[in-house]
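The values are calculated or read from the model by the stated rules, or taken from the named source; none is laboratory data. Quick caveat, the model's predicted, so the values are computed rather than measured. Because the Cβ atoms are built from the backbone with ideal geometry, glycine has one as well, and the counts that use them run over all protein chains shown.
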Amino acid sequence: MDLGLGLLTAQRRPDDDRSTAAIYDELLELGAAADRAGLDSVWTSEHHFADDGYLSGTVPTMGALAGRTDEIRIGSAVALAPFYDAVRLAEDAATIAALSDDRLTLGLSIAYWDREFENFGIPKAERTARTEDAIAVLRNAWSPGPLEYDPDYHAIDPATEVTPTPDEAPPIVLGGLAKPAVRRAARLGDGWCANEMLSLEDIRTRMDDIERVREEEGLDGDFTTYIVRYGFVGDSADDAWETMRDGYFYQQRKYAEWMGDDDIEALPDERKRELKEDAIVGSPDQVRAELETYREELGDDVHIIFRSYCPGIDTAAMQESIERLGREVAPEL
């Protein structure tokens with residue numbers, strides 16, 4: 001089992017009066033802290049036109065993380081494929097791969113928020129087709145020689161050679177919860193990313209489906225399941241929960257607003273209880289014991305993205321949690 005840190009979102013809560021530069025510097029420092037702690041990966045996220053400054057430039061941020069780290073893998077969980085020019089994305093991702101000595105994992109999804117489609121002028125009905133077309137562009141662009149593919153959403157001569165050519169093509173990981181999305185990941189991706197909404201049983205069911213699809217399609221390359229879980233390491237469960245609670249609730253409230261495209265003043269008490277139950281919080285021993293259940297249920301070939309970054313949490317507290325996650329939890333897994 002691998003263990004990473006995420007998701008870096010650069011959001012600003014209403015009570016945070018720091019500059020944008022300070023928030024982004026914190027993001028990069030936390031990525032560097034994860035590298036020093038020996039974690040396996042660090043992950044950005046992406047949304048656009050959010051009133052709290054949610055990270056929109058995930059590609060340049062991954063480039064900056066490449067410059068601030070040495071060993072850790074850098075990934076997007078996830079970049080929103082319909083909003084990218086696929087040829088430019090292929091160039092930019094290959095550049096980050098070169099700058100990071102092939103430490104990039106490119107996570108993609110079809111996106112969901114109506115506001116983003118409206119403001120980018122992209123028909124939401126095209127989101128799946130645009131994502132699948134982008135994946136084909138990426139695969140072909142990262143191979144030596146001409147593109148040899150005629151994209152549906154980018155006018156480019158298939159005889160064109162897209163550069164740079166990465167020494168190793170970055171793995172492509174696809175997110176999504178519904179059966180079509182999971183099966184798309186099985187067919188087209190090198191991995192699938194399960195977000196925090198899915199239970200262990202849900203993940204196991206989808207992993208079994210992925211295995212069936214890949215067997216039917218005759219696909220035998222490496223394939224990794226990535227699992228996003230909110231969590232925090234402290235001296236105790238109460239201590240860790242107290243530290244992350246407000247930022248966690250704020251972030252979940254914003255996601256709920258975007259899903260319903262309506263303002264929400266506060267999460268219902270029942271939802272707060274569910275979120276607390278879902279979070280993996282506690283001492284290093286407590287966190288390690290809970291993560292062990294994932295290995296027991298899902299096997300060793302999973303990659304946990306431990307989501308400890310929430311807007312408004314004290315920077316020093318996040319750094320300490322990251323350090324303890326790397327020093328006292330990860331080695332036992």
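Return yes when GLU292 is under 20 Å from ASP2 (Cβ atoms), exposed (fewer than 15 other Cβ atoms within 10 Å of the Cβ) and modelled with pLDDT of 95 or more and no when it is not. So GLU292 passes the test. Scanning region 56-86 for residues that are in a loop (DSSP other than H, G, I, E, B), over 12 Å from the mean Cα position of the chain (by Cα) and of a type outside the set (Ser, Thr, Tyr) returns GLY57, ASP70, GLU71, ILE72, ASP85.
Quick one: is ALA185 more than 19 Å from ALA136 (Cβ to Cβ), buried (at least 17 other Cβ atoms within 10 Å of the Cβ) and either in contact with a Leu (Cβ under 9 Å, 6 or more places away or on another chain) or among the hydroxyl-bearing types (Ser, Thr, Tyr) (or both)? It is false that ALA185 is more than 19 Å from ALA136 (Cβ to Cβ), buried (at least 17 other Cβ atoms within 10 Å of the Cβ) and either in contact with a Leu (Cβ under 9 Å, 6 or more places away or on another chain) or among the hydroxyl-bearing types (Ser, Thr, Tyr) (or both). Take the residues of region 307-333 that are within 19 Å of the chain's Cα centre (by Cα) and not in a helix (DSSP H, G or I): which is surrounded by the most Cβ atoms within 10 Å (Cβ to Cβ)? Here the residue is TYR309. Residue count for region 108-129 satisfying the condition of being out of contact with any helix residue (DSSP H, G or I) (no Cβ under 6 Å at 6 or more places or on another chain), under 28 Å from ILE74 (Cα atoms) and in a loop (DSSP other than H, G, I, E, B): 1. Residues in region 31-46 that are assigned to a loop (DSSP other than H, G, I, E, B), within 14 Å of the chain's Cα centre (by Cα) and either surrounded by 22 or more Cβ atoms within 10 Å (Cβ to Cβ) or free of Cβ contacts under 8 Å to residues at least 60 places away in the same chain (or both): SER45, GLU46.
The set of residues in region 87-107 that are of a type in the set (Ser, Thr, Tyr) and assigned to a loop (DSSP other than H, G, I, E, B) contains only SER100.
If you scan region 257-299, which residues turn out to be part of a loop (DSSP other than H, G, I, E, B) and either within 18 Å of ASP202 (Cβ to Cβ) or within 23 Å of the chain's Cα centre (by Cα) (or both)? Across region 257-299, the qualifying residues are ASP261, ALA279, GLY299.
Among the residues of region 225-247, some residue qualifies, meaning at least one is in a loop (DSSP other than H, G, I, E, B) and touching a helix residue (DSSP H, G or I) at 6+ places or on another chain (Cβ under 6 Å). Determine if region 285-297 includes at least one residue that is touching a strand residue (DSSP E or B) at 6+ places or on another chain (Cβ under 9 Å), among the small types (Gly, Ala, Ser) and without any contact (Cβ under 8 Å) to a residue 24 or more places away in the chain. Yes - at least one qualifying residue is present in region 285-297. Among the residues making up region 66-89, those that are within 12 Å of TRP43 (Cα to Cα) and surrounded by 23 or more Cβ atoms within 10 Å (Cβ to Cβ) are ILE72, ILE74, GLY75, SER76, ALA77, VAL78, ALA79. Flag not set for THR20, criterion: in contact (Cβ under 8 Å) with a residue 24 or more places away in the chain, surrounded by 23 or more Cβ atoms within 10 Å (Cβ to Cβ) and not basic (Lys, Arg).
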